[in-house]
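The values are calculated or read from the model by the stated rules, or taken from the named source; none is laboratory data. Bear in mind that the values here come from a model prediction, so they are computed numbers and not experimental data. Here the Cβ is made from the backbone with ideal geometry for all residues, glycine too, and neighbour counts use every protein chain on show. For accessibility, only protein heavy atoms count, side chains too; no ligands or nucleic acids. Shrake-Rupley method; radii C 1.70, N 1.55, O 1.52, S 1.80 Å.
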Amino acid sequence: MRRFVPALAGLACVVTAWAAPAAAYEIDPLTRQPLDQPLTMTVRAPAAAAAAVDPLDAAVPKMSPIPRETVAYAGPYGAGTIVVSTAERRLYYVLGNGQALRYGVGVGRPGFAWNGVQTISMKREWPDWRPPAQMIRRRPDLPRHMKGGPENPLGARAMYLGGSLYRIHGSNEPETIGTAVSSGCIRMTNDDVMDLYTRAKVGTKVIVQR
């Protein structure tokens, strides 16, 4: 079983690369009794290999509560289009040839759901967060600015939708994927939004359906 170590003085947990585990003890060092299963120790991967991983990206959990998968797609939209079904709480990235990648998403809560057509106007990695004025009015306790990072509500990646306040973005709350809790943004797990980010380009059409 792999083990994780804390890093960045408690500001974030960074997953580092590890080599295969090796046995450390055959006798419990406290009770001095034989162990049914030996304890294990792990050895860090060479520094050069660890340096190749962005420490922020390495912090991204690799498991999604709704695993992405390739599915059949018979809709009217062409390859490269993003289709969001708020009713299903799923996002489809159309691949073409009758297929699409399907991701689980979180959508707007009652009163904040919307539908329409937008395009990706900007993309950012580990974006800063500046809550819009409307959100500040509802939640005056929110910070006016939050630097990008693992604790930021926009997560690992953000794709801005036209000139609207909405984004497709990551989340540091993966348990909310598949629910309707946002203020209208489409949220994904950090792992999934990083995958979509590599596929979607500035100018990509985004269809949001109720």
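Return yes when Ala72 is at pLDDT 95 or above, over 18 Å from Ala200 (Cα atoms), open to solvent by 70 Å² or more (accessible area, probe 1.4 Å) and among the hydrophobic types (A, V, I, L, M, F, W, C) and no when it is not.
yes
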**Report entry** segment 135-153, residues that are open to solvent by less than 80 Å² (accessible area, probe 1.4 Å), farther than 27 Å from Asp195 by Cβ and not in a loop (DSSP other than H, G, I, E, B)
**Finding:** Met135, Ile136
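Just the residues that are over 25 Å from Val181 (Cβ atoms) and surrounded by fewer than 20 Cβ atoms within 10 Å (Cβ to Cβ), please, taken from segment 82-113.
Once the filter is applied, which keeps residues that are over 25 Å from Val181 (Cβ atoms) and surrounded by fewer than 20 Cβ atoms within 10 Å (Cβ to Cβ), segment 82-113 yields Leu95, Gly96, Asn97, Gly98, Gln99.
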Query raised in the report: Would you say Ser164 is surrounded by 13 or more Cβ atoms within 10 Å (Cβ to Cβ), under 19 Å from Arg210 (Cβ atoms) and among the small types (Gly, Ala, Ser)?
Result: yes
Query raised in the report: How do the pairs read when you match residues in segment 115-134 that are without any contact (Cβ under 8 Å) to a residue 12 or more places away in the chain with residues anywhere that are among the acidic types (Asp, Glu), using Cβ under 8 Å and keeping only pairs 6 or more apart or on different chains?
Result: none
Report task. Looking only at segment 154-193, count how many residues are in contact with a helix residue (DSSP H, G or I) (Cβ under 9 Å, 6 or more places away or on another chain), among the charged types (D, E, K, R) and part of a strand (DSSP E or B). Result -> 2
Query - Number of the condition not met by Tyr160 [criteria: (1) at pLDDT 95 or above; (2) under 21 Å from Arg102 (Cβ atoms); (3) in contact with a Lys or Arg (Cβ under 6 Å, 6 or more places away or on another chain); (4) not charged (D, E, K, R)] - result: (2)
Query raised in the report: Consider Ala200 against the criteria (1) more than 16 Å from the chain's Cα centre (by Cα); (2) open to solvent by less than 30 Å² (accessible area, probe 1.4 Å): it satisfies all of them except one. Which criterion is unmet?
Result: (1)
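Can you tell me how many residues within segment 68-96 are in contact (Cβ under 8 Å) with a residue 12 or more places away in the chain and part of a loop (DSSP other than H, G, I, E, B)? I'd like the intermediate steps shown before the answer.
Here is the first cut: in segment 68-96, the ones in contact (Cβ under 8 Å) with a residue 12 or more places away in the chain are 68-75, 77-87, 89-96.
From what is left, the residues that are part of a loop (DSSP other than H, G, I, E, B) are 68, 73-75, 77-81, 86-87, 89.
Total meeting the criteria: 12.
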